[in-house]
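Undergrad: My structure is below; once you've seen it, I'll send some questions.
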Amino acid sequence: MTTRKEFASALADLRALLIEMGEQTEDALHEAIQALSNQDVASAQKIIEKDPEINNAEIKIVDLGSKLVATQQPVAKDLRRILVAFKISSDLERMADLAVDIAKVVVRLEGQPLIKPLVDIPRMAEIAKSMIRDSIQSYVSENVDLAYKMAKDDDLVDHLYSQILRELFSYMVENPKTINQAMLLSFVGRYIERIADHATNIGEMVVYLVNGQRPDLNT
């Protein structure tokens, strides 16, 4: 059985791992969008190759949390802190997978010129990146207000995604030769939209951690 001081130290380690994993995920999204904007296939390949690093981060978090549950047998809020950490690491891993999916789109485009300058997709990504950062911070500081902010940011991402789909559809109608690329770019929009959803899921779990009830912020 670990002492309370050791338990607190282990929880701090768990938070540190989540912060690091969040930063890795944020970097993966940033680099994927940069690769798309520059049609940089080599950079996209590197993002794909680095994916196991984030998967390993999730394993470390689960291993540490499981050890705490087994040795400390935490109850009430302490147990929720660990269970929520498990869920957050799962959401972060899925976000990183979606960043890899964006990189795979870059590979599929094979450096072909973009049918239009990228404007709304980078905007979506910037909001999603801030959501990743804020969602982790909301857990670390147990900040419910920051957790609820996820819902507003998610609405902005959804609005931009709808705008992107309308614009890409008009390109496809006007010039059928753009259909393949327009579809791939619409996938990118969808991947970013899903990343924002996962960040919102983290916000919900933080509210659950603090209040014991999980709201539905993805409405």
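The values are calculated or read from the model by the stated rules, or taken from the named source; none is laboratory data. Since this is a predicted model, take the numbers as computed values, not measurements. Note: ideal-geometry Cβ built from the backbone for every residue, glycine included; neighbour counts use all protein chains shown. Only protein heavy atoms, including side chains, enter the accessible area calculation; ligands, DNA and RNA are left aside. Shrake-Rupley method; radii C 1.70, N 1.55, O 1.52, S 1.80 Å.
Undergrad: Treating cross-link reach as a plain straight distance, find the aspartates and glutamates whose alpha-carbon is under 13 Å from the alpha-carbon of residue 60, omitting any fewer than eight places away in the same chain.
TA: Correct list for residue 60: 13, 20, 93.
Undergrad: Keeping all protein chains in the complex and leaving out DNA, RNA and ligands, what accessible area do you get for residue 48 with a 1.4 Å probe, in Å² to the nearest 10?
TA: Around 50 Å² of this residue is reachable by solvent.
Undergrad: Moving to a separate point now. Which FRET efficiency value, to the nearest 0.05, is calculated for residue 45 and residue 170 with the Förster distance at 25 angstrom and r the Cβ-Cβ distance?
TA: Details: r = 32 Å, r/R0 = 1.28.
Between residue 45 and residue 170 the formula returns 0.20.
Undergrad: For a quick protection proxy, order the peptides 116-122, 183-189 by their average other-Cβ count within 10 Å, most packed first.
TA: Numbers: 116-122: 14.9, 183-189: 18.7.
So the peptides 116-122, 183-189, ranked by packing, come out 183-189, 116-122.
Undergrad: Hey, how many Å between the Cα centroid of the range 28-81 and the Cα centroid of the range 119-182?
TA: The range 28-81 and the range 119-182 have Cα centres spaced 21 Å from each other.
Undergrad: At a 1.4 Å probe, what is the % contribution of carbon and sulfur to the accessible area of the chain? Walk me through the intermediate numbers first.
TA: Details: 5520 of 10500 Å².
Taking all protein chains in place, the chain shows 53 percent carbon and sulfur surface.
Undergrad: Taking amide H positions as placed 1.01 Å from N in the peptide plane, with prolines and chain starts having none, which residues 5 or more places from residue 118, or on another chain, fall under 5 Å of its amide H?
TA: When sequence neighbours closer than 5 places are left aside, there are no close amide H contacts.
Undergrad: Pick the calculated Rg and Dmax of the Cα atoms in Å for this structure from [x] 18.3, 64; [y] 19.0, 68; [z] 17.5, 53?
TA: [y]
Undergrad: Explain nothing, just compute: Karplus ³J(HN,Hα) = 6.51 cos²θ - 1.76 cosθ + 1.60, θ = phi - 60°, for every residue of the range 60-69 in order, whole Hz, x for Gly and Pro.
TA: 4, 5, 5, 5, 5, x, 5, 4, 5, 4
Undergrad: Also, quick follow-up: Residue-wise, which Karplus ³J(HN,Hα) couplings in Hz belong to the range 115-122, taking 6.51 cos²θ - 1.76 cosθ + 1.60, θ = phi - 60°, and x for glycine or proline?
TA: Result, ordered by residue: 6, 7, x, 7, 10, 6, 4, x Hz.
Undergrad: Sticking with this structure for a sec: Report the charge-dipole magnitude of the chain in Debye, nearest 20, computed about the Cα centre from +1 at each Lys and Arg Cβ and -1 at each Asp and Glu Cβ.
TA: The calculation lands at about 340 debye.
Undergrad: On to the next question. For the range 5-64, just list the percent of Cα-Cα distances falling in each 5 Å bin from zero outward, please.
TA: 4, 18, 22, 18, 13, 10, 8, 4, 2, 1, 0
Undergrad: Would you kindly derive the ³J(HN,Hα) couplings of the range 196-206 from the backbone phi angles with the Karplus curve 6.51 cos²θ - 1.76 cosθ + 1.60 (θ = phi - 60°), listing them in order in whole Hz, with x for Gly and Pro?
TA: 4, 4, 5, 4, 5, 4, 4, x, 4, 5, 5
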